[in-house]
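A.B. asks: Structure incoming, see below.
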Amino acid sequence: MTATAWITGVGGTAFGRHEGQGALDLMAQAARAALDDAGLRRADIDGVLCGYATTLPHLMLSTLFCERFALDPAYAHSVQVGGATGAAMLMLARELVRGGRCRHVLVVAGENRLSGQSRDSAIQTLAQVGDPDYEVPNGASVPAYYGLMASRYLHETGLAEADLAEFAVLMRANARRHPGAHLSTPITVADVLASKPIAAPLKLMDCCPISDGAMALVVSATPGIDGGDGDGTRVALAGAGQAHRHQHLSAMADVMDCGAAVAARRAFAEAGLGVADIDHLGIYDSFTITLTMLLEEIGFAPRGGAAARARAGDFSPDGALPLNTHGGLLSFGHCGVAGGMAHAVEAVRQLTGRAGARQVARPRHAFVHADGGVMSSHVSLILSREEAP
Amino acid sequence: MNASSTPAADTSGVPSTPAATPSSALAAPFVEGLARHELRFQRCGACGAAQSLARHACTRCGGEALAWETARGTATLHAVTVVARAPSDAFRALAPYTLVLAQLDEGPRLMAHADAGLRIGERVTAGFFVHDGRTLVRFARTDPAAG
């Protein structure tokens, strides 16, 4: 039998504006919370994986973080696959633990993406995921890439802008239940449709905000010091899969087959599970179109049917398949790598029954998916709750 | 591949507008082609597949013998957006502007500007304009009368 990797601790900051806090400050807050949650001391951590920070483009961020945070790991480096970085780090941590290389891997990311730079600077940095000769010189931006992709997806599926808007509304409603969320003003579909145009068909409320914040998780070879969380619940990283089929939108062969389903199939195969076994979702939602395409390609809704499932309440906290119960990137906020990790942190809290006022019916198997670039790098994870033996 | 596969040198009468500095030797023929008002793309010498973007190997067969050709400039619109929020001062003056992914008749997909009001599926023809010191492509609706 192959060894299991367990998520033994999670922590993070609120998302929003943290004036005066640098990337390392935010990362330290999240890491401290995750270590406390796991009941581990610094000396227990023998592996460290860091994301990148656009406000701190350091060559050796993991080493720098370890120096500042007083860690002395046997294995450490940074990982960089855009929005998929957090999920990719969890997948790698799982391999390090299962392979016997590490006992406890700290996975951490954070940055002051909102307050640490001008909005123009952030937008220009992000636009560089585009091709420097064929795409960026046209005055393209990340919303423009997603706007182009959305135009094609709506064309092929017959979905309307009001369908995409459903997800902005759901994410806002969920965020209102989380005290750490960046955006909590209630919105309606009409508000989304009337919001400022950004890159048609995407309006301001179809796009996630830019936030400051950090998230951290601990992945361990053992289920936890007390055999699991308070009531003995343990969370296993039961399966993981990736796909990387293109970098640039110009090279994406088909909006109906961007790689998400391939990554998901690999994760399901490892876990011995299928779509029907999943009862909780943490799906990357940089834009409303991102969430719609991922839900449909992976199979959590029929093609062109995600909005209908949302309207029916299926993705609501009391529905059959609660989705991003923390509010997702669209409303909890997006500070880069940590933004994509918040979905995993929330899934762990829901699985272990520690989501407080927003706790849903205890899930058994959560599916977490993140993508980087323009649906370019995909990582799927399956988190399973197991009762202590 | 290297510069030996680029089309012939400039001759009198050939349009010439500002060229940007390519990000790499690989993409230089494309960038230099824009300044001469040519849409250049690579085709695989082994399997004949036309490539989107610049490649070191064929996306279909992995062959490394890719030769640059010049497209006719006719295309069908694959995706369309209108950028209202420009990413930089240089483009703020143009906003709102239409960006498209066009499927060239030869096969490659190309991101470019386009006239306002065009829709997915429309037939278009490439033109060229200069903005912020670079030559860029702008597609216009193909005039059916022009054949």
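A.B. asks: What is the residue count in segment A:251-308 for residues that are within 14 Å of another protein chain (Cβ to nearest Cβ) and touching a residue at least 24 places away in the same chain (Cβ under 8 Å)?
C.D. replies: Just the residues of segment A:251-308 that are within 14 Å of another protein chain (Cβ to nearest Cβ), to begin with: A:251-256, A:258, A:287, A:289, A:293.
When the remaining residues are screened for being touching a residue at least 24 places away in the same chain (Cβ under 8 Å), the result is A:252, A:255-256, A:258, A:287, A:289, A:293.
Residues in segment A:251-308 being within 14 Å of another protein chain (Cβ to nearest Cβ) and touching a residue at least 24 places away in the same chain (Cβ under 8 Å): 7 in total.
A.B. asks: A further question follows. Are there any pairs with C-beta distances below 9 angstrom linking a residue in segment A:88-105 that is within 11 Å of residue A:48 (Cα to Cα) to a residue that is among the aromatic types (Phe, Trp, Tyr), with the two at least 6 apart or on different chains, and if so which?
C.D. replies: A:96/A:75; A:102/A:75; A:105/A:75
A.B. asks: Please give the number of the condition residue A:227 fails out of (1) in contact with a helix residue (DSSP H, G or I) (Cβ under 9 Å, 6 or more places away or on another chain); (2) modelled with pLDDT under 95.
C.D. replies: (1)
A.B. asks: Of the residues that make up segment A:222-244, is at least one within 14 Å of chain B (Cβ to nearest Cβ) and not β-branched (Val, Ile, Thr)?
C.D. replies: Let us first name the residues in segment A:222-244 that are within 14 Å of chain B (Cβ to nearest Cβ), namely A:244.
Among the residues that remain, those that are also not β-branched (Val, Ile, Thr) are: A:244.
Yes, some residue in segment A:222-244 is within 14 Å of chain B (Cβ to nearest Cβ) and not β-branched (Val, Ile, Thr).
A.B. asks: Quick check on my filter: what residues within segment B:83-137 are under 14 Å from residue A:139 (Cα atoms), among the hydroxyl-bearing types (Ser, Thr, Tyr) and in contact with a strand residue (DSSP E or B) (Cβ under 8 Å, 6 or more places away or on another chain)?
C.D. replies: Correct list: B:97, B:98, B:135.
A.B. asks: Another question, if that's okay. Mind checking which residues of segment A:91-128 are β-branched (Val, Ile, Thr) and buried (at least 20 other Cβ atoms within 10 Å of the Cβ)? Talk me through it step by step, then tell me what you get.
C.D. replies: So the first thing to find is which residues in segment A:91-128 are β-branched (Val, Ile, Thr), and the list is A:97, A:105, A:107-108, A:123, A:125.
Within segment A:91-128, A:97, A:105, A:107, A:108 meet the criteria.
A.B. asks: Within the group A:16, A:51, A:20, which residue is in contact (Cβ under 8 Å) with a residue 12 or more places away in the chain and buried (at least 22 other Cβ atoms within 10 Å of the Cβ)?
C.D. replies: Details: A:16 fails: buried (at least 22 other Cβ atoms within 10 Å of the Cβ); A:20 fails: buried (at least 22 other Cβ atoms within 10 Å of the Cβ).
Criteria check complete, one pass: A:51.
A.B. asks: On to the next question. Among residues belonging to segment B:41-88 that are crowded, with 23+ Cβ neighbours inside 10 Å, closer than 20 Å to residue A:244 by Cβ and aliphatic (A, V, I, L, M), point out the one that is farthest from the other protein chains (Cβ to nearest Cβ).
C.D. replies: The selected residue is B:54.
A.B. asks: I'm told residue B:40 meets every condition in (1) outside the structural domain of residue B:131 (by TED's automatic domain parsing); (2) modelled with pLDDT under 95; (3) not aliphatic (A, V, I, L, M) except one. Can you identify the failing condition by its number?
C.D. replies: In the conditions (1) outside the structural domain of residue B:131 (by TED's automatic domain parsing); (2) modelled with pLDDT under 95; (3) not aliphatic (A, V, I, L, M), residue B:40 misses (2) alone.
A.B. asks: Take residues that are closer than 22 Å to residue A:34 by Cβ and tell me which of the helices (runs of 4 or more DSSP H) falling wholly in segment A:281-389 contain 3 or more.
C.D. replies: On the way: elements: A:288-298, A:306-311, A:337-351.
Here the list reads A:337-351.
A.B. asks: Hey, among A:211, A:184, which residue is surrounded by fewer than 22 Cβ atoms within 10 Å (Cβ to Cβ) and modelled with pLDDT of 95 or more?
C.D. replies: Details: A:211 fails: surrounded by fewer than 22 Cβ atoms within 10 Å (Cβ to Cβ).
On inspection, the qualifying residue turns out to be A:184.
A.B. asks: Any chance segment B:97-106 includes a residue that's modelled with pLDDT of 95 or more and of a type in the set (Asp, Glu)? Show your work before the answer.
C.D. replies: Filtering segment B:97-106 down to residues modelled with pLDDT of 95 or more leaves B:97-106.
Among the residues that remain, those that are also of a type in the set (Asp, Glu) are: B:105-106.
Yes: one or more hits.
A.B. asks: Something else: If you go through segment A:230-238 one residue at a time, do you hit one that is over 22 Å from residue A:345 (Cα atoms) and touching a residue at least 24 places away in the same chain (Cβ under 8 Å)? Step through it out loud before you land on a result.
C.D. replies: Of the residues in segment A:230-238, the ones over 22 Å from residue A:345 (Cα atoms) are none.
No: segment A:230-238 contains no residue that is over 22 Å from residue A:345 (Cα atoms) and touching a residue at least 24 places away in the same chain (Cβ under 8 Å).
A.B. asks: Go through B:101, B:94 for me and flag whichever is over 19 Å from the mean Cα position of the chain (by Cα), touching a residue at least 24 places away in the same chain (Cβ under 8 Å) and within 10 Å of chain A (Cβ to nearest Cβ). Working first, answer last.
C.D. replies: On the way: B:101 fails: over 19 Å from the mean Cα position of the chain (by Cα).
Of the residues listed, the single one that is over 19 Å from the mean Cα position of the chain (by Cα), touching a residue at least 24 places away in the same chain (Cβ under 8 Å) and within 10 Å of chain A (Cβ to nearest Cβ) is B:94.
A.B. asks: Which is crowded, with 17+ Cβ neighbours inside 10 Å, over 13 Å from residue A:148 (Cβ atoms) and in contact with a Phe, Trp or Tyr (Cβ under 9 Å, 6 or more places away or on another chain), of B:137, B:100? Working first, answer last.
C.D. replies: Numbers: B:100 fails: over 13 Å from residue A:148 (Cβ atoms).
From the options B:137, B:100, the qualifying one is B:137.
A.B. asks: Can you name the condition, by its number, that residue A:205 falls short on among (1) closer than 19 Å to residue B:111 by Cβ; (2) crowded, with 21+ Cβ neighbours inside 10 Å?
C.D. replies: (1)
A.B. asks: Which one of A:135, A:166, A:156 is of a type in the set (Asp, Glu) and in contact with a strand residue (DSSP E or B) (Cβ under 8 Å, 6 or more places away or on another chain)? Before the answer, list the steps.
C.D. replies: Working: A:166 fails: in contact with a strand residue (DSSP E or B) (Cβ under 8 Å, 6 or more places away or on another chain); A:156 fails: in contact with a strand residue (DSSP E or B) (Cβ under 8 Å, 6 or more places away or on another chain).
Residue meeting the stated conditions: A:135.
A.B. asks: Just give me the residues in segment B:17-36 being farther than 25 Å from residue B:63 by Cα and buried (at least 17 other Cβ atoms within 10 Å of the Cβ), in sequence order. Give the derivation first.
C.D. replies: Our first condition is that a residue be farther than 25 Å from residue B:63 by Cα; within segment B:17-36, this holds for B:17-21, B:34-36.
Within segment B:17-36, B:20, B:34, B:35, B:36 qualify.
A.B. asks: Do you know which residues across segment A:279-290 are more than 17 Å from residue A:341 (Cβ to Cβ) and buried (at least 24 other Cβ atoms within 10 Å of the Cβ)?
C.D. replies: Going residue by residue through segment A:279-290, those that are more than 17 Å from residue A:341 (Cβ to Cβ) are A:279, A:287-289.
Within segment A:279-290, A:287, A:288, A:289 qualify.
A.B. asks: Looking only at residues that are assigned to a strand (DSSP E or B) and away from chain A (no Cβ under 13 Å) in segment B:106-125, which one is farthest from residue B:76 (Cα to Cα)? Walk me through it before giving the result.
C.D. replies: Initially, segment B:106-125 is screened for residues assigned to a strand (DSSP E or B), giving B:109-114, B:123-125.
If we keep only those that are away from chain A (no Cβ under 13 Å) as well, we get B:123-125.
Numbers: B:123: 5, B:124: 6, B:125: 9 Å.
Looking at the filtered set, the residue picked out is B:125.
A.B. asks: Those residues that are part of a loop (DSSP other than H, G, I, E, B) and under 21 Å from residue B:102 (Cα atoms), I need them from segment B:54-73; list them, please. Show your work before the answer.
C.D. replies: Keep residues of segment B:54-73 that are part of a loop (DSSP other than H, G, I, E, B), which gives B:54-65, B:71-73.
Those that are part of a loop (DSSP other than H, G, I, E, B) and under 21 Å from residue B:102 (Cα atoms): B:54, B:55, B:58, B:59, B:60, B:71, B:72, B:73.
The values are calculated or read from the model by the stated rules, or taken from the named source; none is laboratory data. Remember, it's a predicted structure, so these values are computed and weren't measured experimentally. A quick note on method: Cβ atoms are made from the backbone with ideal geometry, for glycine too, and the neighbour counts reach across all protein chains shown.
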